[in-house]
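For reference, the structure is listed below as structure tokens.
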Amino acid sequence: MKLPFLILAALLPGIGAAAPMALADYMALGGPAPDAHVAYGPAPSQYAELFVPQGAGPFPVAVLVHGGCWTAKFGGITQLRNMAGALRARGIAVWNVEYRRVDEAGGGYPGMYQDMHAALDTLQAQGARYPLDLARVVAVGHSAGGQLVQWIAGRERIPASSVLYRKNLLPVRAVVSLGGLADLRRERALIKESCGRDTPELAGEPSKERPDVYADTNAAELLPNGTHTILVTGELDTISPPRVAHDYARRAQAAGDSAEVVILPGASHYDEVAATSFAWPQVLAAIERAVARTGVKPAASASPKGR
């Protein structure tokens, strides 16, 4: 049942008391240093940051993928350290992923998607070095990163003829999309309006061998994928309005998948991704609910690592 704004405001202190975050607030976000910086390729943007909670583990893992309209202009991995530190304090390990964007050499299609493959393959290798429970992996992405994590969820359905096809994939049991722009086909006008991105940048050019560029890039074409998707969107999000989350959830459910929508009252596109936002308790609850669906609910760590 959807609670009215006033009831939610009473239940969640801070709602209605703080102004929605703006882009400048998001760009100013930061967080603790990671426990490890791991390259998964030779390009400067081909790396991930690992955050490991205190304790013996093994710990469930949240794969974080930042947004920024698929460009290097709007930051990304540094800002997500804010959320990574908060999740580490809750007993969830974090794999904070950087990747080649459309304005970087090798970015866009197919490089951006190949980076997601390589980052997850490299995470799999970290299980031998760190106390990670790779049977409990959830993917959490913001905005453009929401598109990428929703695509990750459907990787097993990519046609074998595609350059993006892979075998022996690390299973991702649940996905949390924070203001995601995942449906490249149906939302191409919104993506152009919100981010200035055109289909060829994100999905490539059609060819005789590949007439439908969405067949291997569009998360909505890769349904059903067998994961549970939680679509979290700020009530005041103008980049990816609540309508986008509801439309995708309906499409996923119609295909036979499990999906739910969480609307953050009074929140903007940037409140969705900040542990310092008044909306964070709801975002955290969605992530922990996704982790719980992988099998075991994470135990809160006594305190974050002192770094």
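All of the numbers you see were taken from the coordinates with simple rules; none came from a lab. No experiment lies behind these values; they were computed from the predicted model shown. As a convention, Cβ positions derive from the backbone with ideal geometry for all residues, glycine included, and neighbour counts pool all protein chains shown.
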Item to complete: Give Asp237, Asp183 a once-over and let me know the one that is within 18 Å of the chain's Cα centre (by Cα), of a type in the set (D, E, K, R), under 25 Å from Val283 (Cβ atoms) and crowded, with 23+ Cβ neighbours inside 10 Å.
Response: Asp237
Item to complete: Confirm whether Gly204 is within 19 Å of the chain's Cα centre (by Cα) and of a type outside the set (S, T, N, Q).
Response: no
Worksheet item: Of the residues that sit in segment 95-106 and are free of Cβ contacts under 8 Å to residues at least 60 places away in the same chain and of a type outside the set (Lys, Arg), which one is surrounded by the fewest Cβ atoms within 10 Å (Cβ to Cβ)?
Response: Asp103
Worksheet entry | Flag if Arg129 is more than 24 Å from Arg289 (Cβ to Cβ) and either of a type in the set (Asp, Glu) or not in a strand (DSSP E or B) (or both) | yes
